[in-house]
1. Does segment 88-109 contain at least one residue that is over 18 Å from residue 229 (Cα atoms) and touching a residue at least 60 places away in the same chain (Cβ under 8 Å)?
2. Being farther than 11 Å from residue 383 by Cβ and in contact with a helix residue (DSSP H, G or I) (Cβ under 7 Å, 6 or more places away or on another chain) is the filter; apply it to segment 258-276 and report the residue that is surrounded by the most Cβ atoms within 10 Å (Cβ to Cβ).
3. Hey, does segment 190-212 have a residue that's under 27 Å from residue 156 (Cβ atoms) and either modelled with pLDDT under 80 or assigned to a loop (DSSP other than H, G, I, E, B) (or both)?
4. Go through (1) in contact with a helix residue (DSSP H, G or I) (Cβ under 7 Å, 6 or more places away or on another chain); (2) at pLDDT 85 or above; (3) more than 25 Å from residue 168 (Cα to Cα) and name the single condition residue 97 misses.
5. Please go through segment 353-379 and give me each residue that is out of contact with any helix residue (DSSP H, G or I) (no Cβ under 7 Å at 6 or more places or on another chain) and within 20 Å of residue 428 (Cα to Cα), ordered by number.
6. Just checking, how many residues over segment 334-343 are closer than 18 Å to residue 271 by Cα and crowded, with 21+ Cβ neighbours inside 10 Å?
7. Is it fair to say residue 290 is assigned to a helix (DSSP H, G or I), over 24 Å from residue 441 (Cα atoms) and over 22 Å from the mean Cα position of the chain (by Cα)?
8. Kindly list the number of the only condition in (1) touching a helix residue (DSSP H, G or I) at 6+ places or on another chain (Cβ under 9 Å); (2) modelled with pLDDT under 80 that fails for residue 219.
């Protein structure tokens, strides 16, 4: 981290290097980390239910791969959340904000929207009428994106930059635990809710599973109610609507561009492409499992439980490595591993139904994903100025998904035209330019140190 002596008068420059491994990992027991563990669960629950698990449901219902690919554009709600992020960042909600505070009020409202959308999805059969399911998924996606905006700001405002990697790892842990429940849990519930002796697709099983998922959002709501609102900086009063719009919309953009100037384009390019290999490949993962003949129980056990455990291991490892060796070095490692692991899926597509091979592929892929995610979230957090935390982080995380989600919409057509093996190789090649961008971004520095908040300056350690 680039920090002035005035910012750390009592800390020796080499203090972080003297941390023992035990002291490093104790950061995960601190209250902010534990809070993010619980809130991460609330954030992770909706994503699979409108993307990954939904694609499994739709494929089993007989929906073609091309349509499933296009329906993944529901996830573009996450890519455009920067549009309403300024409202979440600054606009108070009647009654709720006075009771809970700015961050927690938006968190609670978004969680209610997610629950309502999941209930709506559960009551509609995509085999009979697909449109109502899509509308329910859109409600969940917009509620989830809004929750992410408020939660990212909550996390950034809860600790300094040195602890952001640990907070991101805790967040990822809760997130991935929720993904076990929203992935394996849904498949397990749907399998157990099927009528014995009946074969083929059964909507009633999915209805039960999605209702249980809706009820699971209560955990996030309780956590919000029991959490403390982070200390926030007072906002200057707006004299009129123009002043409010300038403070909410223009200043967050101007602050980032002012700090990085021409290097901002390089950083934004990295943000827009860093997870492209994983996101584009992930849309077709569940249809791939269905087409390869894997059962609900096999997919639940291997990809949704064991796979998430491997992702958690990668997230903790990525967070700890970032503390000791710097975010940028781990960011490069994650980029290499994420692209390379997609080639393993290409090999798996030639093997067919082989649970042992699936376990090996999932081990490598999810470990790589965890390392990359922890480092990348820490990197984005370091770029953010706490004065505009919700809006700036929403811009960054939106850009992270916008291009990959758009390309992912054509994944079904690509598979139909060229097959799974060529598709997985192509997604690996998408990650090659990212390596150059990481190397260049590791040398990017704020143009004016005085304009950057020292608590949120990005890790300046370069690669090589």
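1. Checked against the condition, which is being over 18 Å from residue 229 (Cα atoms) and touching a residue at least 60 places away in the same chain (Cβ under 8 Å), segment 88-109 yields no hits at all.
2. 274
3. no
4. The failed condition is (2).
5. First, pick out the residues of segment 353-379 that are out of contact with any helix residue (DSSP H, G or I) (no Cβ under 7 Å at 6 or more places or on another chain): 353-354, 356, 360.
Selection gives 360 alone.
6. Adding up the residues that qualify gives 4.
7. For residue 290, the condition - assigned to a helix (DSSP H, G or I), over 24 Å from residue 441 (Cα atoms) and over 22 Å from the mean Cα position of the chain (by Cα) - is met.
8. (2)
The values are calculated or read from the model by the stated rules, or taken from the named source; none is laboratory data. In this text, all values refer to a predicted model and were calculated from it rather than measured experimentally. Positions of Cβ are backbone-derived with ideal geometry, glycine not excepted, and every protein chain shown enters the neighbour counts.
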